[in-house]
Amino acid sequence: MTTARNVFTVVQISDPHLGLQPGPIRTGYPDSDAQLAAVLDDALRHQGDADLALVTGDLAEDPVPAVYQRLIGHLARLPAPMLALAGNHDDRGIARDAFVGAGHGFEGERVLGDWLVIGLDSCWPGHTAGWVQKPELERLADSIERHPGHWVLVAVHHPLVRVGSRWLDRLTLTNGDEVLAALARHPRVRACIFGHIHQGYDAMHGSIRLLGCPSTLVQFLPEAADFALEPVESGYRVLRLHHDGSVETELRRVPGTRPTGLPA
């Protein structure tokens with residue numbers, strides 16, 4: 001094992017959807033920048049000693065360089081190292097250039113003591129649903145095999161499974177079963193976290209814990225047949241990765257971030 005530390009803290013921030021300018025990206029929505037700032041305020045207040053920030057996609061509603069630079073400016077308030085992913089709303093190439101150019105991780109991997117954190121690309125150009133391409137699955141296997149003594153946390157934008165909302169379940173990871181099978185071949189994979197669904201999710205697939213995250217912007221109503229928003233606060237996920245391979249996690253909802261333009 002590589003360290004005597006017993007626990008590492010990871011903060012997951014997801015789906016900020018920043019527009020060309022600060023403000024609402026559509027009628028009835030709150031200001032994307034203000035919502036993200038409030039979430040970051042809370043993360044700094046309560047998780048200021050985090051070891052890693054994972055930003056799991058849909059970074060921009062308008063995927064141009066200036067928007068990613070503005071987003072990076074917001075996220076730079078977090079003192080932790082950062083690993084970001086693109087979502088279906090993003091331009092993956094522009095996002096990668098911005099984050100890597102600013103000295104942050106994008107996809108790839110990061111070691112935290114006894115843990116290996118892997119960021120997977122699930123973007124499928126021209127589609128809202130996701131697809132993890134064969135080279136990404138090969139990279140996943142290679143990364144795990146190069147770190148045989150590490151527990152593994154995987155991050156991806158799209159959920160690997162259906163979450164119980166008919167409209168969202170048409171937009172999930174198209175080859176989720178294949179990705180789950182790839183993860184299950186490695187017994188030290190402990191959890192997979194994702195964004196995209198704008199809500200909390202927590203379920204087991206065998207020994208692998210599957211965890212969804214709220215958006216920093218607006219939340220999708222769980223178990224809805226058609227698109228609908230839930231009038232609750234924005235939030236983020238905190239994960240504590242323990243030396244024995246266990247994962248402790250909580251969702252934090254941020255007071256003052258419930259959109260006032262939505263029905264109560």
Quiz item: Just for helices (runs of 4 or more DSSP H) wholly inside region 1-119: which have at least 2 residues that are acidic (D, E)?
Solution: 32-47
Quiz item: Say we look at region 69-91 and pick out the residues that are in contact (Cβ under 8 Å) with a residue 40 or more places away in the chain and touching a helix residue (DSSP H, G or I) at 6+ places or on another chain (Cβ under 6 Å); which of these is nearest to L20 (Cα to Cα)?
Solution: H74
Quiz item: Residues I197, I94: which one is under 20 Å from Q219 (Cβ atoms), aliphatic (A, V, I, L, M) and in contact with a helix residue (DSSP H, G or I) (Cβ under 8 Å, 6 or more places away or on another chain)?
Solution: I197
Quiz prompt | Wholly within region 168-264, strands (runs of 3 or more DSSP E) carrying at least 1 residues that are at pLDDT 95 or above and farther than 30 Å from S143 by Cα | solution = 235-242, 247-253
Quiz item: Just checking, which of L180, L140, L173, L211 is in contact with a Lys or Arg (Cβ under 9 Å, 6 or more places away or on another chain), under 27 Å from A95 (Cα atoms) and aliphatic (A, V, I, L, M)?
Solution: L211
Quiz item: Which pairs do you get when a residue that is more than 13 Å from T56 (Cβ to Cβ), found in region 181-210, comes within reach of a residue that is among the small types (G, A, S) and part of a loop (DSSP other than H, G, I, E, B), reach meaning Cβ atoms under 6 angstrom, with the pair 6+ apart or on two chains?
Solution: A184/G206; R190/G245
Quiz item: In region 53-61, is there at least one residue being touching a helix residue (DSSP H, G or I) at 6+ places or on another chain (Cβ under 6 Å) and crowded, with 18+ Cβ neighbours inside 10 Å?
Solution: yes
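The values are calculated or read from the model by the stated rules, or taken from the named source; none is laboratory data. Here the structure is a predicted model, which is why all the values come from computation and not from measurement. Counting neighbours? That spans all protein chains shown, and the Cβs are built from the backbone with ideal geometry, glycine included.
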